[in-house]
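Since the structure comes first, as structure tokens, the remarks are kept for the end.
The values are calculated or read from the model by the stated rules, or taken from the named source; none is laboratory data. The shown structure was predicted, so the numbers you read here are calculated from the model rather than taken from an experiment. Backbone-built Cβ (ideal geometry, glycine too); neighbour counts: all protein chains shown. Note: accessible area is taken over every heavy atom of the protein model, side chains too, but ligands, DNA and RNA are not part of it. Shrake-Rupley method; radii C 1.70, N 1.55, O 1.52, S 1.80 Å.
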Amino acid sequence: MHPVRLLFLQFLVALAVIGIWQIGSTVEIGGDYLLPEFFFSTPVEVGKRVWQMFASGMIWKHLSITLTETVLAFFIGSAGGVVFGFWFARKPVVAAVFDPYVKMANALPRVVLAPIFMLWLGLGIWSKVALGVTLVFFIVFFNVYQGVKEVSPVVLANARMMGMNERQLFRSVYWPSALSWMFSSLHTAVGFALVGAVVGEYLGSAAGLGYLIHQAEGVFDVTGVFAGMFILAAFVLVIDWGVSGIERRLLVWRPQPAADHG
Amino acid sequence: MQTAVQRPPAHIALPDAGPLAVALNDISISFAVPGRPVFKAVAPTSLHVREGEFVSIVGPTGCGKSTLLNATAGLLRPAGGTVTVFGERLEGLNAKAGYLFQQDALMPWKTALDNVAIALEVGGTRREEARAQAKEWLRKVGLARFVDRYPHELSGGQRKRVGLAQVLVRGPKILLMDEPFGPLDAQTRQIMGTLLLNLWAQDRKAVMFVTHDLEEAIALSDRVVIMSAGPEARIIGDFPIDLARPRDTADIRLDPRFHELYRDIWNQLKAEVVKTYGEETP
Ligand SMILES: Nc1ncnc2c1ncn2[C@@H]1O[C@H](COP(=O)(O)OP(=O)(O)OP(=O)(O)O)[C@@H](O)[C@H]1O
Ligand SMILES: [Mg+2]
């Protein structure tokens, strides 16, 4: 599809949703509102509120805190996932011993950890980062593990016939393979880093997008909640674009149709 | 040696003299698959390849040709018998051999150029130097215009040729080639065959060449050996090819002696192919 046409259609969807919302909340139908303003606010109000947040400049502080937490969670979680993914994939005994514990830890709902992290790390950004790390780590870990395991045995045999030692195999074979698997889950990983940050803020903090939404909810300020959600969604979209750009650059060697987004 | 080995006629000048590059002595290879009886792919069998000798291995599909090359490369350890390379018992990987695999073996994340250059860089060659040599080899195999392509952007035949450059750039003493021209069309096969012969004539490596094309085997080789249908495959025929060199792989097919050889070898090979085929049809 032509990109302009695509953009137009995407715009149309937004317009339709906002249109229905606006009509439902402001136009009386049979003596009743379809979407009462008290519960749903109105698009115009939400738009005004978003504008105010940016105009007054108060939003930047919250955005930058959430962004910092997301970035930190992503990088720390990824680094841990890469190290442990490689270690487990290259040492089957280690992997076998830790297997049940990894599964247990991964099955744990992370939200229950949030209060513990706050106890340990305080209400600042680190408790949110920790929450994000526990989410990102496992995604990256499983993908790197798979990437190392799934190296084609023929490619590996060929590399060894060239005379590659362990270090060279790591650099030229295992690492690129693991990286491609990791990148296929990059969107998910970044998304989870953000989820960790926002949920952490929501549960207890003094700044960030999650905090804003929580504050608004506390006083039944539906407009504020929707404005916060809107900013969060736009924020996700911008980050996702950035990730796609990085991905396109690093994975040029992959056939296009096979490029899947995790 | 085997009982069924065909003795060469006396008038043929064989490269009999000269040390052995590869000696497979009574090797047997089995595959253990959990839950199934051990599969004896190769029965005790022997094959000797002299320095500078071009030996083709033909046999029905699934008989164990790739397995034999894997054992020579040191990727598989035979259950019995020994593998000797230039007089030394092979332990671990065969560092003297370059192996062109039957399946795709290029690194998908490297361009054609980098795939060839890495083979040199591994040995400590500087990057620029490695790339220059890689470029030269890609030109020799007819891929000068495709140096920047990734494997998925190349055709099957082009990938094989990158693989060939990747193996030859290191200048191995022994060449193991497993159906290198498999995906090529008949014309390109002949061109590549002639190219291979010309490259080979320059420094006469020992070559073990697996193919399912008997004509190609005869056109290229000093010797053609036949493997029996598996399991427990053995080398059951050994035919010296007394055609004059240098050869043109296309013209040589018109030689009357070529036809004689073809008939002799095919007579024996046919029986084996029928066996494999017979087993797999109800
Ligand atoms: N890793 C393995 N595990 C179990 N069986 C194997 C394995 N590798 C090969 N075999 C079996 O060994 C036999 C010989 O296989 P091989 O790949 O050497 O055949 P081939 O002669 O190269 O066949 P083709 O001409 O089709 O390439 C086959 O019957 C195959 O099923
Ligand atoms: Mg094979």
Could you run through the range A:54-73 and say how many residues are modelled with pLDDT under 90 and open to solvent by 50 Å² or more (accessible area, probe 1.4 Å)?
1
Farther than 26 Å from B:Arg145 by Cβ, more than 16 Å from ligand 2 (Cβ to nearest atom) and surrounded by fewer than 21 Cβ atoms within 10 Å (Cβ to Cβ) - does that describe any residue in the range B:97-118?
no
If you scan the range B:217-235, which residues turn out to be in a helix (DSSP H, G or I) and either within 15 Å of ligand 2 (Cβ to nearest atom) or closer than 20 Å to B:Leu138 by Cα (or both)?
B:Ala217
State which residue is most open to solvent (accessible area, probe 1.4 Å) when the search covers only the range B:204-229 and only residues that are of a type in the set (Asp, Glu) and touching a helix residue (DSSP H, G or I) at 6+ places or on another chain (Cβ under 7 Å).
B:Glu215
Answer from B:Phe31, B:Phe39, B:Phe54 - the residue that is aromatic (Phe, Trp, Tyr) and open to solvent by less than 10 Å² (accessible area, probe 1.4 Å):
B:Phe54
What is the residue count in the range B:165-186 for residues that are in contact (Cβ under 8 Å) with a residue 24 or more places away in the chain, in a helix (DSSP H, G or I) and among the small types (Gly, Ala, Ser)?
1
Against the condition over 20 Å from A:Tyr211 (Cβ atoms), surrounded by fewer than 20 Cβ atoms within 10 Å (Cβ to Cβ) and free of Cβ contacts under 8 Å to residues at least 12 places away in the same chain, how does A:Gln168 come out, does it pass?
yes
Within the range B:46-67, residues in contact with a helix residue (DSSP H, G or I) (Cβ under 8 Å, 6 or more places away or on another chain) and either of a type in the set (D, E, K, R) or away from ligand 2 (no atom under 13 Å from the Cβ) (or both) come out as B:Leu47, B:Phe54, B:Ser56
Qualifying residue in the range B:152-163 (condition: open to solvent by less than 60 Å² (accessible area, probe 1.4 Å), at the interface with chain A (Cβ under 10 Å from one of its Cβ atoms) and not in a strand (DSSP E or B))
yes
Looking only at residues in the range A:134-172 that are aliphatic (A, V, I, L, M) and under 28 Å from the mean Cα position of the chain (by Cα), which one is farthest from the other protein chains (Cβ to nearest Cβ)?
A:Leu135
Within the set of pairs 6+ apart or on separate chains, which have a first residue in the range B:49-65 that is assigned by TED's automatic domain parsing to the domain that holds B:Ala233, a second that is of a type in the set (Phe, Trp, Tyr), and C-beta atoms under 6 Å apart?
B:Ser56/B:Phe209
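Name the residues in the range B:190-203 that are closer than 16 Å to B:Leu143 by Cβ and surrounded by 19 or more Cβ atoms within 10 Å (Cβ to Cβ), would you? Give the derivation first.
Of all residues in the range B:190-203, those closer than 16 Å to B:Leu143 by Cβ come to B:191-192, B:195-196, B:199.
Hits for the range B:190-203 are B:Met192, B:Leu196.
What are the residues in the range B:131-151 that are away from chain A (no Cβ under 11 Å) and open to solvent by less than 50 Å² (accessible area, probe 1.4 Å), if any?
Taking the range B:131-151 and keeping what is away from chain A (no Cβ under 11 Å), we get B:131-147.
Selection gives B:Ala134, B:Trp137, B:Leu138, B:Val141, B:Gly142, B:Leu143, B:Phe146, B:Val147.
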Could you tell me whether any residue of the range A:162-185 is outside any helix (DSSP H, G or I) and acidic (Asp, Glu)?
no
Just one of the numbered conditions (1) open to solvent by 80 Å² or more (accessible area, probe 1.4 Å); (2) in the same structural domain as A:Leu203 (by TED's automatic domain parsing) is not true of A:Ile29; which one?
(2)
Has the range B:178-187 got any residue that is buried (at least 19 other Cβ atoms within 10 Å of the Cβ), more than 14 Å from chain A (Cβ to nearest Cβ) and in contact with a Ser or Thr (Cβ under 7 Å, 6 or more places away or on another chain)?
no
Residue that is modelled with pLDDT of 90 or more and touching a His at 6+ places or on another chain (Cβ under 8 Å), where the choices are B:Pro78, B:Pro108
B:Pro108
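Only residues that are more than 16 Å from ligand 2 (Cβ to nearest atom) and in a strand (DSSP E or B): list them for the range B:187-213, please. First the steps, then the outcome.
Pass one, the range B:187-213, residues more than 16 Å from ligand 2 (Cβ to nearest atom): B:187-207.
The answer is B:Ala206, B:Val207.
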Quick test of your reading of the structure: B:Tyr99 fulfils all but one of (1) touching a residue at least 40 places away in the same chain (Cβ under 8 Å); (2) more than 9 Å from every other protein chain (Cβ to nearest Cβ). Name the failing condition by number.
(2)
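With the structure loaded, tell me whether A:Gly47 is open to solvent by less than 90 Å² (accessible area, probe 1.4 Å) and more than 20 Å from A:Gly228 (Cα to Cα) or whether it fails that test. Reasoning before the result, please.
On the way: open to solvent by less than 90 Å² (accessible area, probe 1.4 Å): yes; more than 20 Å from A:Gly228 (Cα to Cα): no.
For A:Gly47, the condition - open to solvent by less than 90 Å² (accessible area, probe 1.4 Å) and more than 20 Å from A:Gly228 (Cα to Cα) - is not met.
Could you check the range B:31-48 and list, in sequence order, the residues that are near ligand 1 (Cβ under 10 Å from one of its atoms) and free of Cβ contacts under 8 Å to residues at least 12 places away in the same chain? Let's see the steps before the verdict.
Our first condition is that a residue be near ligand 1 (Cβ under 10 Å from one of its atoms); within the range B:31-48, this holds for B:31-33, B:36, B:38-42.
Hits for the range B:31-48 are B:Phe31, B:Ala32, B:Val33, B:Arg36, B:Val38.
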So which residues in the range B:259-281 are at pLDDT below 90 and either within 23 Å of B:Gln202 (Cα to Cα) or hydrophobic (A, V, I, L, M, F, W, C) (or both)?
B:Leu269, B:Ala271, B:Val273, B:Val274
